[in-house]
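Structure record follows, encoded as structure tokens.
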Amino acid sequence: MKERTLAIIKPDGVAKNLIGEVAKRVEMEGLKIVAMKLIRMTKNQAKGFYKVHEEKPFYESVTDFMSGDPSVIMVLEGEDAIRKYRRLMGATNYKEAEEGTIRRDFATDIEKNVVHGSDSAENAAFEVGYFFNSLEIMV
Ligand code: ATP
Ligand code: MG
């Protein structure tokens with residue numbers, strides 16, 4: 001099924017000059033970038049984005065990290081886009097991520113793990129709408 005997912009190149013990924021590398025892997029996978037922008041999230045935007053993790057011990061820290069420096073946010077579209085992009089990313093903890101995944105290749109920290117991707121159709125719809133209006137997404 002054709003899907004959309006929200007992808008983020010997190011501040012550590014942007015700082016490591018990985019914008020092109022991540023975009024290349026996305027495109028090689030056959031996914032289309034249908035929206036893209038460079039933003040610096042406010043603390044409140046980061047808190048709203050990670051609201052599902054409100055109760056977790058890492059909530060304060062991850063929202064500080066996400067709002068500290070610029071990140072690139074993208075909407076990806078394609079067959080099975082959510083699962084395909086999650087597979088490109090690898091596991092949250094880079095030490096457990098499969099070889100050849102973005103996190104395995106570039107992450108150095110469980111928190112600063114280079115990329116984000118929506119984990120379900122429901123969350124993808126929320127996350128895409130959180131950052132983009134319909135006029136910013138190419139159809
Ligand atoms: P993301 O939602 O960013 O794509 P994910 O779905 O693989 O990552 P989640 O469990 O949703 O992982 O956690 C959200 C983010 O919070 C992680 O990507 C990471 O930046 C941070 N995080 C998760 N677990 C921890 C932890 N144990 N310690 C520190 N930070 C963590
Ligand atoms: Mg997640």
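Throughout, read-outs are computed from the coordinates displayed, never taken from laboratory work. As the structure is a prediction and not an experimental result, all values here were calculated from the model. As a convention, Cβ positions derive from the backbone with ideal geometry for all residues, glycine included, and neighbour counts pool all protein chains shown.
Assorted remarks:
- Out-of-range pairs (alpha-carbon distance over 21 Å; input K43/K95; K10/K43; K2/K43): K43/K95; K2/K43
- Extension gain for the segment R83 to K16, taken as residue separation times 0.36 nm less the Cα-Cα distance, is 21.6 nm to one decimal.
- Label-point separation in nm, F58 to K37, each point 7 Å along Cα→Cβ: 2.7 nm
- Remark: the N93-N133 segment gains 11.2 nm on full extension, using 0.36 nm per residue and subtracting the alpha carbon distance.
- The slack in the chain from D69 to K2, taken as 0.36 nm per residue of separation less the alpha-carbon distance, amounts to 20.9 nm.
- Proximal aspartates and glutamates to K51, defined as alpha-carbon separation beneath 19 angstrom and excluding residues fewer than eight positions away on the same chain: E60, D64, E111, D119, E122, E127
- Spatially, segment 100-124 and segment 1-26 are offset by 9 Å when compared through their Cα centroids.
- The relative contact order of segment 2-120, computed from alpha carbon pairs under 8 Å that lie at least 6 residues apart in sequence, is 39 percent.
- Selected from V26, V75, V52 as most flexible by GNM, with the chain as the system and alpha-carbon contacts under 10 Å: V52
- Cα-based reach from K32 at 14 Å (exclusive), listing aspartates and glutamates while leaving out same-chain residues under 8 positions away: E3, E77, E79, D80
- Average projection area in nm² (convex hull over Cα atoms of segment 2-120, one quarter of hull surface): 6.7 nm²
- Relative contact order (percent, whole number), segment 89-139, Cα cutoff 8 Å, 6+ residue spacing: 24 percent
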